[in-house]
1. Which of the residues spanning region 11-40 are modelled with pLDDT of 75 or more, over 26 Å from the mean Cα position of the chain (by Cα) and of a type in the set (V, I, T)?
2. Looking only at region 164-217, count how many residues are in contact with a strand residue (DSSP E or B) (Cβ under 8 Å, 6 or more places away or on another chain) and among the β-branched types (V, I, T).
3. Checking the condition farther than 30 Å from L249 by Cα and among the hydroxyl-bearing types (S, T, Y), which residue from Y87, Y117 passes?
4. If I ask for residues that are assigned to a helix (DSSP H, G or I) and closer than 20 Å to R107 by Cβ, which ones from region 72-95 would you list?
5. Out of the residues in region 285-320 that are among the small types (G, A, S) and over 21 Å from N143 (Cα atoms), state the one that is surrounded by the most Cβ atoms within 10 Å (Cβ to Cβ).
6. Quick check: anything in region 189-197 among the polar types (S, T, N, Q), outside the structural domain of S58 (by TED's automatic domain parsing) and surrounded by fewer than 15 Cβ atoms within 10 Å (Cβ to Cβ)?
7. Name the strands (runs of 3 or more DSSP E) wholly inside region 203-321 in which the number of residues that are within 16 Å of F178 (Cβ to Cβ) and not hydroxyl-bearing (S, T, Y) is 1 or more.
8. For region 117-134: of the residues being farther than 20 Å from T77 by Cα and among the aromatic types (F, W, Y), which is modelled with the lowest pLDDT?
Amino acid sequence: MSDLKKYYSWKLAIRSLLRDMPRAILGAFVFAELIRKKERTHYLVLPSQLGDSMLALSYLSEFKRQKKINHVTVVCTPNYENRLCRYYPNVVDNVICKEKWKIYALRKFISTLIGEYLSVLYLDRITFVLPTCNISMRVLWDNPSISFPMYAKAILYKISMASRPERPQVPAVDILGFISKYDLKIGHTVFFNPVANSVHCDVKKLLDNAATEMKAKGYQVITLTANDEELPVQGTQAIPCTLEEAFSLVEYGGTLIGVRSGFLDFIAYANCKLISILDAGNGLESFFRIEDIGVNPDCHTLIYDGDDEAALQKIFAIMRL
């Protein structure tokens, strides 16, 4: 718990409480709108976080089978309807799109005492894939052995711990233009993804050094970015791309190294070598172990304590360089 203050503070908590009260009230109306519907379906509310949504969708088939649920309607932002839900065409029966602010307001309402009570009361009709609704940070800090998939099976869906995730049906896309433009080498290209929204880890110097060493060993080294504004790792070219393009690119190139993020949760289903870097001060190493997603056996977690040389040697060992 010594590093807890690095991520949380009383001032932040008080400010968040005052700011979130109006949002929670708005979320109550969104909740009521769903509950009033008469459809014979189970609602699954996805957050705006990529990793949490992928985890929930990968176990949705087992949830339906074990709980004998015939029809599931996913409630999500329009962005996720077009991206994630269509990766599970045989599992997701219907989709309702809500603006991002409504999903966020719903999360705030369900995190209140009355929201928690109602979420339990309507447990057979609606499931919230929102970590703060299903599990508190205190539980994670007090139980360091809890993993991300364990949360999905034991806490979110309450299904058998022997349940296995389903691989998403990510369509292959044409990457010939990328291969030609950036001189990508099949099985010999390393992609970097140094940006994460929810997990702090400064790996700039580490990846700068890694890029230099890998290029000297004959690898093509590229930084994957979500847009043109993100800067590439020093000495590499940036490729702005979509999720599906990134999926096909890493399968072609062979290796992705990045800071632990929801994007890595997505790439963990690809056929590639994946190295996830996690700050040693995070305190939730078991929860964020990328290996535990359990689909790709070539996933690895690197705990980074600031020692660049040691981390670089570990990366080379994993890549067998």
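1. Passing the criteria: I25, I35.
2. Residues flagged as in contact with a strand residue (DSSP E or B) (Cβ under 8 Å, 6 or more places away or on another chain) and among the β-branched types (V, I, T) within region 164-217 amount to 6.
3. After applying the criteria, what remains is Y117.
4. Of everything in region 72-95, those that are assigned to a helix (DSSP H, G or I) and closer than 20 Å to R107 by Cβ turn out to be P78, N79, Y80, E81, R83, C85.
5. Here the answer is A311.
6. Within region 189-197, one or more residues are among the polar types (S, T, N, Q), outside the structural domain of S58 (by TED's automatic domain parsing) and surrounded by fewer than 15 Cβ atoms within 10 Å (Cβ to Cβ).
7. Ranges flagged: 220-225, 237-240, 254-259.
8. If we take residues in region 117-134 being farther than 20 Å from T77 by Cα and among the aromatic types (F, W, Y), then Y117 is modelled with the lowest pLDDT.
The values are calculated or read from the model by the stated rules, or taken from the named source; none is laboratory data. Computed from a predicted model, the values in this text were never measured in an experiment. Neighbour counts are summed over all protein chains in view; Cβ atoms, including those assigned to glycine, are modelled from backbone coordinates with ideal geometry.
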